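The values are calculated or read from the model by the stated rules, or taken from the named source; none is laboratory data. In this text the structure is predicted, and so the values were computed from the model without any measurement. All Cβ positions, glycine included, derive from the backbone under ideal geometry; neighbour counts span all protein chains shown. Please note that ligands, DNA and RNA were not included when accessible areas were found on the heavy atoms of the full protein model with its side chains. Shrake-Rupley method; radii C 1.70, N 1.55, O 1.52, S 1.80 Å.
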Amino acid sequence: MLFKQQAWLRQKLLVLGSLAVGSLLYLVARVGSLDRLQPICPIEGRFGARSQAEFPLRALQFKRGLLHEFRKGNTSKEQVRLHDLVQQLPRAIIIGVRKGGTRALLEMLNLHPAVVKASQEIHFFDNDENYAKGIEWYRKKMPFSYPQQITIEKSPAYFITEEVPERIYKMNSSIKLLIIVREPTTRAISDYTQVLEGKERKNKTYYKFEKLAIDPNTCEVNTKYKAVRTSIYTKHLERWLKYFPIEQFHIVDGDRLITEPLPELQLVEKFLNLPPRISQYNLYFNATRGFYCLRFNIIFNKCLAGSKGRIHPEVDPSVITKLRKFFHPFNQKFYQITGRTLNWP
């Protein structure tokens, strides 16, 4: 009889213990989530001010939960209306550059409670077929958000496509424009590496970087090679400046975003007139990946895709030297125009 009572007590304690642990885990997750979700102060600046009581405290819960359901098409128009959700045109666009870190920048900015990102590259302004579908088509490609949040999209082809500045200007002449750049030679090699990987997946051969970057007839830098042309940042920026003042651009140091992301993100917060919300808590270094990963709250973490951080092929040092010498005067002009000097050789 005593043995049965002891067994019954042990079973009872085990059940109670499981319930207690489960409740504790739920509370920890809930507190951690709410701490991250709640905007602590109103959104200020050019996007308008609103009191904390008026700003929906479910904003980030929506982003992490309801947004997933909207993308899957599991919600009705009535639910959209009840949650006061809208699809807004972007108030800021990451316009480039390719292989500069546009995806990393977008994902990191998405840590901010007032930012909602378009998950896919829309290619509205650089694609004639898409552009012909009209601005409402573009708007419907945007994520659902609260009116007080800012929608951001990124399409790195925008920076180098001639028609894009005028098209964006016609949509919103006061839009904020983000350009993330890396050291031009490194960016060109990264561009080449991505194309090379695609060729190798299809069992196709491809020229070595040196043969593409250097004209064999003149032994000079081949400016017809797209990876080289894209890295001449000042040439593309001058085209944008015909439509937008330099004050509407913010230059992000893509090399620094890899090694020391928080200061770069804080500069972007300031540029977008957003209250500072991204902290060191939201960023942790993954030694295995060699990159910073994102921490949204105590439960939800995210690392960038495995395709990020491809190993670059060995490049002849003399070619690297020649490229850096070629890019140098363009870099100096880029510093002068933008007012930001970067530590490029």
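For the pair ILE135 and ASN203, how long in nm is the line joining their label points, each one 7 Å along Cα→Cβ?
5.0
Which whole-Hz couplings ³J(HN,Hα) result when phi for each residue of segment 91-102 is put into the Karplus expression 6.51 cos²θ - 1.76 cosθ + 1.60, θ = phi - 60°, listed in order with x for Gly and Pro?
Each residue's phi maps through the Karplus curve to give 9, 8, 9, 7, 8, x, 9, 4, 6, x, x, 5 Hz.
Sorted from largest down, give the three principal axis spans of the alpha carbons of segment 160-253, whole angstrom values.
Extents along the principal axes: 45, 32, 25 Å.
Of the accessible area of segment 85-338, with the probe set at 1.4 angstrom, what percent is carbon plus sulfur?
Working: 5930 of 11700 Å².
The C+S portion of the solvent-accessible surface of segment 85-338 is 51 percent.
Using modelled backbone amide H atoms (1.01 Å from N, in-plane), which distant-in-sequence or interchain residues come within less than 5 Å of VAL252's amide H?
HN-HN under 5 Å from VAL252: ILE179, ILE180, VAL181.
Compute the accessible area per residue over segment 85-338, keeping the other protein chains in place, probe 1.4 Å, unit Å². The partial results should precede the final answer.
On the way: 11700 Å² over 254 residues.
That works out to 46 Å² per residue.
Once amide H atoms are placed 1.01 Å from N in the peptide plane, what residues at a sequence separation of 5 or more from ASN222, or on another chain, have their amide H within under 5 Å of its amide H?
Long-range HN contacts for ASN222: ILE214, ASP215.
Beyond 24 Å between alpha-carbons counts as too far, so tell me which of LYS99/LYS325; LYS154/LYS224; LYS140/LYS170; LYS117/LYS333 fall in that bin.
The pairs that break the limit, which is 24 Å between Cα atoms, are LYS154/LYS224; LYS117/LYS333.
Could you list the square roots of 5 times each eigenvalue of the Cα gyration tensor of segment 85-338, that is, the equivalent ellipsoid semi-axes, sorted largest first and rounded to whole Å? Working shown, then result.
Details: eigenvalues 184, 103, 66 Å².
In descending order the semi-axes read 30, 23, 18 Å.
How large is ³J(HN,Hα) for each residue in segment 263-280, as worked out from phi by the Karplus curve 6.51 cos²θ - 1.76 cosθ + 1.60 (θ = phi - 60°), to whole Hz, x for Gly and Pro?
Values per residue, Gly and Pro as x: x, 5, 5, 5, 5, 5, 3, 5, 4, 7, 6, 9, x, x, 10, 7, 10, 4 Hz.
Just to be sure I understand the model, the point goes 7 Å from the Cα along the line to the Cβ. What's the resulting SER318 to TYR281 distance in nm?
About 5.6 nm, to one decimal.
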